[in-house]
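First comes the structure, then the notes that go with it.
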Amino acid sequence: MPLFLLALAVFAMGTSEFMLAGLVPGIAAAFDVSAAQAGYLTSAFAAGMVAGAPVMAALARSWRRRTALLCFLAVFVAMHVVGGLTTSFGVLVGTRLVAAVANAGFLAVALTAATAFGPAGRALAVLLGGSTVACVAGVPGGSLLGWRPAFWAVALLCLPAFAALWWIPDTAAGTRPAGLRAELAVLRPVAGVLAVAALVNAATFGVFTFLATVAAGVAPVPVVLGAFGAGCFAGITAAGRLADRWPGRVVAVGGPLLLAGWLAAASTAHVPAVLVALACTQGALSFAVGARSSRGSCTWRRTRRR
């Protein structure tokens, strides 16, 4: 039960990360800003994740595990309460940045804590399954609720995870890390692989952020977002199996197909059936190629440490 409650929090955090794809038009209208300006909310969250992941992971080593999870979760919930109440676009952007940092810290600690509840592979699959389900169900659901209720829903979904924290085995506070330089140095040999993964994900979520705007007047927005989420789930599942049998082929084949799909979408997105189909296939290819690139860098790092 504690593991599934943690997965529920990860689902809520994944929904928060991705739900703006369906909320950009509503937020733009509510704050009287352009769709491009509303897209800054996604940029702020991405910046918080990029900066927060290594920093929070390093800092959390010197905290008690339960304390770290409690603090990160409380900050994340608080930012969504403030975001659901604010009438200032600048404040909303700030809440997205801080929420992303808290999200990154929570995941860094929760990934370690999850292994206390069973075999590591199964525990991590349950925990990270929340992010995948967020694409399939959370994002379309958010677009149906509207932007303020969506923020409140994310905060409420996190509340059961507070109960799960009392079941998590606590740890003593550790020593303060020497710095991030040593951690980052390990990644230098795979900088090219990480760059590919970053570009693929940047392209994916660059389009995903404005998918509701593109779909408006063409096809039902929840259907398009749901198709994208279903494709993401199928793509990451297939990539996990195919990459074990044919390393490298997922990227070699999927990369050109992904590029061709974006070119096709640029010229045919005005056709409802084509838009839905491309949302599904591009979601699958994006997550397959992006996940395979990231997996390659992680495999190299584990081998290096051994």
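The values are calculated or read from the model by the stated rules, or taken from the named source; none is laboratory data. Predicted model only: the values in this text are computed from it and were never measured. Methodologically, a virtual Cβ is constructed for each residue, glycine included, from the backbone with ideal geometry; neighbour enumeration extends over all protein chains shown. To get the accessible areas, we keep the full protein, side chains included, count just its heavy atoms, and leave off ligands, DNA and RNA. Shrake-Rupley method; radii C 1.70, N 1.55, O 1.52, S 1.80 Å.
Tally time: how many residues in the stretch 50-85 are over 19 Å from THR15 (Cβ atoms), open to solvent by less than 30 Å² (accessible area, probe 1.4 Å) and either free of Cβ contacts under 8 Å to residues at least 40 places away in the same chain or in contact with a Pro (Cβ under 9 Å, 6 or more places away or on another chain) (or both)? Number of matching residues: 2. Taking (1) closer than 17 Å to GLY130 by Cβ; (2) within 13 Å of the chain's Cα centre (by Cα) in turn, GLY48 satisfies each apart from (1). The stretch 207-306 holds helices (runs of 4 or more DSSP H) entirely within its bounds, and those carrying 1 or more residues that are small (Gly, Ala, Ser), at pLDDT below 85 and more than 26 Å from ILE27 (Cα to Cα) map to 221-245, 249-268, 272-305. Total residues in the stretch 15-59 satisfying the condition of being small (Gly, Ala, Ser) and over 24 Å from THR87 (Cα atoms): the figure is 5.
Close Cβ contacts (under 6 Å, 6 or more residues apart or on different chains) running from residues in the stretch 92-103 that are free of Cβ contacts under 8 Å to residues at least 24 places away in the same chain to residues that are surrounded by fewer than 24 Cβ atoms within 10 Å (Cβ to Cβ) and part of a helix (DSSP H, G or I) comprise THR95/VAL82. ALA29 falls short on exactly one of the conditions (1) surrounded by 20 or more Cβ atoms within 10 Å (Cβ to Cβ); (2) within 24 Å of VAL221 (Cβ to Cβ); (3) among the hydrophobic types (A, V, I, L, M, F, W, C), and that condition is (1). Counting just the residues of the stretch 258-274 that are more than 25 Å from the chain's Cα centre (by Cα) and surrounded by fewer than 13 Cβ atoms within 10 Å (Cβ to Cβ), which one comes out farthest from ALA216 (Cα to Cα)? The qualifying residue farthest from ALA216 (Cα to Cα) is SER267. Residues that are open to solvent by 10 Å² or more (accessible area, probe 1.4 Å), more than 21 Å from the chain's Cα centre (by Cα), over 25 Å from VAL224 (Cα atoms) and in contact (Cβ under 8 Å) with a residue 40 or more places away in the chain do occur in the stretch 1-13.
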